[in-house]
Amino acid sequence: MTKLLKKATEVEALEDKTHFGFWVYLMTDCILFASLFATYVVLRGNTASGPSGHELFDLPMVLVETLILLTSSFACGLAMLALKRGDKRQLVGWLAATYVLGVAFLVIELNEFAVLVTEGHGWQQSAFLSAFFTLVGTHGVHITIGLLWLLVLVCVLFKRGFSDKLRRQFVLFSLFWHFLDVIWIFIFTIVYLMGAA
Amino acid sequence: MTKQLDKNQTAIVGYIVGFVLSVALTLTAYAVVTNKTVMGVTLMMVLGALALVQVVVQLIFFLHLGDEPKPRWKLAVFFSMLVVLVIIVGGSLWIMYHLDYNMMHMPMEQLQQRMDKEAGF
């Protein structure tokens, strides 16, 4: 009994440590995004006689994109509750929702990029567009990595079943996913809403 | 068992409250821009305020910030990050605004004169 208790506290301590370590990573990622935001805000007026955000952004589409990512984040939260209950079916269900919505978000974003580039408004046109593609693209890369990570985790779950390690990984993934939604609030507000206003 | 269930239920309520608030704040911000009810600096401030409120909502209800036993290391790291963030963003904007102010708002001849004078600098 005491041995079991000791093991439980050891697992808990490890959980706290990895959780905290990952949190520190997220905070440094915040600083990365802060510098990209600072760059964007400084360069947003430098359109080199090209179009500004006001002419380029398709606001209704961006709103849909935003709501999709928000719902994905919510589904991920519900998946974590299922994880706590140990309910594998619900966990996989909510994670599937998270994944599909994440892919939908990425498709809309890549479509927006493709339209901009084919119309000749690529990253080489102006400092504003360079900063725009860097900022929004970096967020997109994070989303892509998150989706790959989620896919790997679910594969491992199906192959080997639950373990303490896998449980921990799912919790870290949910932190990452919620964090990306928080970053998107700023992109939505500063880049799109303020840019189109 | 019932206690466990209760805990789960309050957790679900937390996520739902966070989600509904976030959707409402997003739609409000969108409506403020499309309806053009306010313009200029006021609009920017309204949008900024709505974004900040939503960030706080998501930090509390989704990321459970501040929901850890003491000592609250996560919160401490979060606030140190905020300090760095304010220095980077605030500092960049401050410097670049003054650079613009000093360089851009003079008449063309004056700018040319200044550039001639300081050529090679």
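The values are calculated or read from the model by the stated rules, or taken from the named source; none is laboratory data. Nothing here was measured: the structure is a model prediction, and the numbers come from that model. A quick note on method: Cβ atoms are made from the backbone with ideal geometry, for glycine too, and the neighbour counts reach across all protein chains shown.
Observations
- Those residues of region A:162-183 which are of a type in the set (D, E, K, R) and either in contact with a strand residue (DSSP E or B) (Cβ under 8 Å, 6 or more places away or on another chain) or modelled with pLDDT of 95 or more (or both), in sequence order: A:Asp181
- Test: A:Gly45 is more than 27 Å from B:Val13 (Cα to Cα) and either touching a Phe, Trp or Tyr at 6+ places or on another chain (Cβ under 8 Å) or of a type in the set (Val, Ile, Thr) (or both): yes
- Helices (runs of 4 or more DSSP H) completely within region B:35-121 that count 1 or more residues being at pLDDT 95 or above and not assigned by TED's automatic domain parsing to the domain that holds B:Leu21: B:73-104
- Lone qualifier among A:Leu95, A:Leu70, A:Leu116 - being in a helix (DSSP H, G or I), under 15 Å from the mean Cα position of the chain (by Cα) and away from chain B (no Cβ under 12 Å): A:Leu95
- In region A:41-69, the residues that are at positive phi reach residues that are surrounded by fewer than 19 Cβ atoms within 10 Å (Cβ to Cβ) and among the aliphatic types (A, V, I, L, M) with C-beta atoms within less than 9 angstrom, at least six apart or across chains, in these pairs: A:Ala48/A:Ala127.
- From the options B:Val57, B:Val13, B:Val86, B:Val20, residue that is buried (at least 16 other Cβ atoms within 10 Å of the Cβ) and free of Cβ contacts under 8 Å to residues at least 40 places away in the same chain: B:Val57
- A:Val152 vs. criteria within 25 Å of A:Leu91 (Cβ to Cβ), more than 9 Å from chain B (Cβ to nearest Cβ) and modelled with pLDDT of 95 or more: yes
- Qualifying residue in region A:158-166 (condition: surrounded by fewer than 12 Cβ atoms within 10 Å (Cβ to Cβ) and aromatic (Phe, Trp, Tyr)): yes
- Selected residue [in contact with a Leu (Cβ under 8 Å, 6 or more places away or on another chain) and not in a loop (DSSP other than H, G, I, E, B)] from A:Leu148, A:Leu153: A:Leu153
- Condition check for B:Ile12 on (1) more than 10 Å from every other protein chain (Cβ to nearest Cβ); (2) more than 17 Å from the chain's Cα centre (by Cα); (3) β-branched (Val, Ile, Thr); (4) part of a helix (DSSP H, G or I): one failure, at (1).
- A:Ile185 meets the conditions (1) in a helix (DSSP H, G or I); (2) exposed (fewer than 14 other Cβ atoms within 10 Å of the Cβ) in every case but one. The failed one is (2).
- A:Leu63 modelled with pLDDT of 95 or more, surrounded by 15 or more Cβ atoms within 10 Å (Cβ to Cβ) and under 30 Å from B:Thr34 (Cα atoms): yes
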